[in-house]
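Inspection log for the structure reproduced underneath, given as structure tokens.
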Amino acid sequence: MMRHATAAALALIAALAWATKMEPPPAEAGLDARLKKLETELRCLVCQNQTLADSNADLADDLRREVRALAVAGKSDDEIKAYLVARYGDFVLYDPPVKPLTWLLWFGPFALAVGGGAVWWVILKRRAQMAPKVADIDAQARGRELLDREDEGER
């Protein structure tokens with residue numbers, strides 16, 4: 001009986017320890033403010049359009065720990081960003097720079113909108129050319145009248 005109680009108590013303690021999120025000890029207020037600002041400039045790599053500060057993903061926790069370790073090691077914000085860009089690419093920056101490698105990211109949506117508008121315009125022009133002209137409609141109506149008269153005359 002005593003063994004079961006001890007085992008249950010140990011299991012409860014282990015479950016509580018496992019469920020508790022372990023945060024690094026709080027550093028000075030200036031470092032925390034710097035890290036928060038830096039985390040708002042970095043993108044979570046697995047989330048849809050969330051900053052590192054806003055994300056709850058496990059990878060975001062790992063990146064936050066990595067950014068903290070780099071900052072504690074004395075790296076500047078620009079050095080930390082350069083390290084992350086070298087490792088993960090420009091996508092890790094929440095506001096990536098405009099350069100040939102990111103042109104598709106910046107100008108792709110506009111190019112798709114212009115291309116879609118051009119296709120729509122071409123389709124409308126073709127429909128207008130294929131639509132019967134007013135004169136053609138009048139000629140068709142007169143032709144039907146003549147055919148109807150001939151049908152009535154044969155009866």
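Summary of computed values
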| item | result |
| --- | --- |
| Solvent-accessible area, 1.4 Å probe, carbon plus sulfur percent, for segment 80-155 | 65 percent |
| Kyte-Doolittle at least 0.0, axis length at least 18 Å by Cα - qualifying DSSP helices, the chain | 2-19, 103-130 |
| Lys, Arg +1 and Asp, Glu -1 on Cβ, resulting dipole of the chain about Cα centre, debye, nearest 20 | 400 debye |
| Positive dipole terminus of the chain, leading residue within Val67, Ala131, Gly143 (C-beta point charges) | Val67 |
| Segment 23-95 - charge dipole about Cα centre, Lys and Arg +1 at Cβ, Asp and Glu -1, debye rounded to 20 | 100 debye |
| Amide H partners (placed H, <5 Å) of Leu93, local residues excluded | Arg43 |
| Tally of Lys pairs whose C-alpha atoms are under 23 Å apart, taken over the chain, 8 or more apart or cross-chain | 8 |
| Helical contribution to [θ] at 222 nm, DSSP H n ≥ 4, -39,500 (n - 2.57), averaged over the chain, rounded to 500 | -23000 deg cm²/dmol |
| Where segment 48-117 is the region considered: accessible area per residue in Å², 1.4 Å probe | 66 Å² |
| Unit charges on C-beta of K, R, D, E only; dipole of segment 67-155, Debye | 540 debye |
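The values are calculated or read from the model by the stated rules, or taken from the named source; none is laboratory data. What you see is a predicted model, and the numbers here were worked out from it, not measured in a lab. Note that each Cβ is placed from the backbone with ideal geometry, even for glycine, and that neighbours are counted across all protein chains shown. Just the protein is used for accessible areas: all its heavy atoms, side chains included, with ligands, DNA and RNA removed. Shrake-Rupley method; radii C 1.70, N 1.55, O 1.52, S 1.80 Å.
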